[in-house]
Amino acid sequence: MAQAQNEQRTEWLKCSLDPAYFLDHYGWIYDATAKRWLRFELWPAQIQVLDLLLVQRLLVILKARQLGMTWLLLGYALWLLLFRPIATILAFSKRDDEAMELLDRLKQMYQRLPRWVQARSLLTDNEHEFELSNGSRVLAFPTTGGRSYTATFVLVDEADYIPHLSRFLDGVKP
């Protein structure tokens with residue numbers, strides 16, 4: 001029992017220090033083609049993006065579809081929630097239902113984590129907010145709302161479809 005707890009502490013520390021390690025060892029993504037959840041096996045380019053997220057305050061990613069970037073950013077947000085307590089993550093998409101879907105994906109990633117990685121409890125769990133007992137939370141909004149919060153991390157999905165994007169980004173930047 002003590003050895004298992006020591007191994008979990010060691011793993012928790014490794015995860016807390018490196019989002020790539022965390023996602024590569026404990027992350028899950030949903031494969032819509034296969035219609036099942038798969039382990040998140042990071043590609044080298046995804047690891048480079050995670051490295052950039054750790055050092056760059058503002059980062060815009062121009063990407064093609066099906067590169068796993070939304071999953072990667074949701075995984076990074078999950079890492080912040082768990083290992084950087086009192087993080088506030090804002091997840092935006094053009095429509096409210098799309099924003100709620102982003103939050104749902106993050107929550108499903110969370111549910112697949114080993115219990116010893118998860119927070120002690122959930123304080124809020126609804127369609128627009130997910131708050132952990134460590135004080136971290138995610139809020140999901142359409143791009144017409146959410147500007148009154150101070151964020152640790154902001155995820156804007158499908159940003160190229162947002163009218164007046166530069167004004168929007170000025171209003172939500174961490």
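Kindly provide the set of residues from region 129-154 that are at pLDDT below 95, open to solvent by 40 Å² or more (accessible area, probe 1.4 Å) and within 15 Å of the chain's Cα centre (by Cα), ordered by number.
The one that is at pLDDT below 95, open to solvent by 40 Å² or more (accessible area, probe 1.4 Å) and within 15 Å of the chain's Cα centre (by Cα): 152.
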If residue 38 satisfies every condition in (1) open to solvent by 70 Å² or more (accessible area, probe 1.4 Å); (2) over 15 Å from the mean Cα position of the chain (by Cα); (3) farther than 27 Å from residue 148 by Cβ but one, which is the exception? (1)
Condition test on residue 167, is it basic (Lys, Arg) and within 19 Å of residue 22 (Cβ to Cβ)? no
Filtered residue count, region 132-147, keeping only those that are free of Cβ contacts under 8 Å to residues at least 24 places away in the same chain, closer than 17 Å to residue 90 by Cβ and either β-branched (Val, Ile, Thr) or out of contact with any helix residue (DSSP H, G or I) (no Cβ under 9 Å at 6 or more places or on another chain) (or both): 1
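Considering 20, 32, 45, 2, which residue is more than 24 Å from residue 158 (Cα to Cα) and small (Gly, Ala, Ser)? Can you show your working first?
Details: 20 fails: more than 24 Å from residue 158 (Cα to Cα); 32 fails: more than 24 Å from residue 158 (Cα to Cα); 45 fails: more than 24 Å from residue 158 (Cα to Cα).
Unique residue meeting the criteria: 2.
Going residue by residue through region 72-87, is there one that turns out to be part of a strand (DSSP E or B) and at pLDDT 90 or above?
Narrowing region 72-87 to residues part of a strand (DSSP E or B): none.
The answer is no, given that none of the residues of region 72-87 is part of a strand (DSSP E or B) and at pLDDT 90 or above.
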So residue 126 passes all but one of these: (1) of a type outside the set (A, V, I, L, M); (2) open to solvent by 60 Å² or more (accessible area, probe 1.4 Å); (3) modelled with pLDDT under 95. Which condition number does it fail? (3)
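Of all residues in region 117-146, which are in a loop (DSSP other than H, G, I, E, B) and touching a Phe, Trp or Tyr at 6+ places or on another chain (Cβ under 8 Å)? Spell out the reasoning first.
In the first step, residues of region 117-146 are kept if they are in a loop (DSSP other than H, G, I, E, B); the result is 117-121, 126-128, 133-136, 143-146.
Within region 117-146, 117, 118, 128, 143, 146 qualify.
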Top-ranked residue in region 101-123 [being within 16 Å of residue 39 (Cα to Cα) and without any contact (Cβ under 8 Å) to a residue 40 or more places away in the chain; ranked as surrounded by the most Cβ atoms within 10 Å (Cβ to Cβ)]: 106
Restricting to region 93-116, and then to whatever is out of contact with any helix residue (DSSP H, G or I) (no Cβ under 6 Å at 6 or more places or on another chain) and not in a helix (DSSP H, G or I), can you tell me which residue is modelled with the lowest pLDDT? 95
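Scan region 20-56 for residues that are of a type in the set (Val, Ile, Thr), free of Cβ contacts under 8 Å to residues at least 60 places away in the same chain and not in a helix (DSSP H, G or I) and jot them down. Break it down into steps so the answer makes sense when it comes.
Taking region 20-56 and keeping what is of a type in the set (Val, Ile, Thr), we get 29, 33, 47, 49, 55.
Now restrict to residues that are free of Cβ contacts under 8 Å to residues at least 60 places away in the same chain: 33, 47, 49, 55.
Answer for region 20-56, where residues must be of a type in the set (Val, Ile, Thr), free of Cβ contacts under 8 Å to residues at least 60 places away in the same chain and not in a helix (DSSP H, G or I): just 33.
For region 84-100, give me the residue count where each residue is crowded, with 16+ Cβ neighbours inside 10 Å and either closer than 19 Å to residue 148 by Cβ or free of Cβ contacts under 8 Å to residues at least 60 places away in the same chain (or both). I'd like the intermediate steps shown before the answer.
Going residue by residue through region 84-100, those that are crowded, with 16+ Cβ neighbours inside 10 Å are 87-94, 96, 98-100.
Checking which are either closer than 19 Å to residue 148 by Cβ or free of Cβ contacts under 8 Å to residues at least 60 places away in the same chain (or both) leaves us with 87-93, 96, 99-100.
Qualifying residue count for the region: 10.
The values are calculated or read from the model by the stated rules, or taken from the named source; none is laboratory data. Since the structure is predicted, the reported quantities are computational estimates derived from the model, not experimental observations. Here the Cβ is made from the backbone with ideal geometry for all residues, glycine too, and neighbour counts use every protein chain on show. Areas reflect the complete protein model, heavy atoms only, side chains present, ligands, DNA and RNA absent. Shrake-Rupley method; radii C 1.70, N 1.55, O 1.52, S 1.80 Å.
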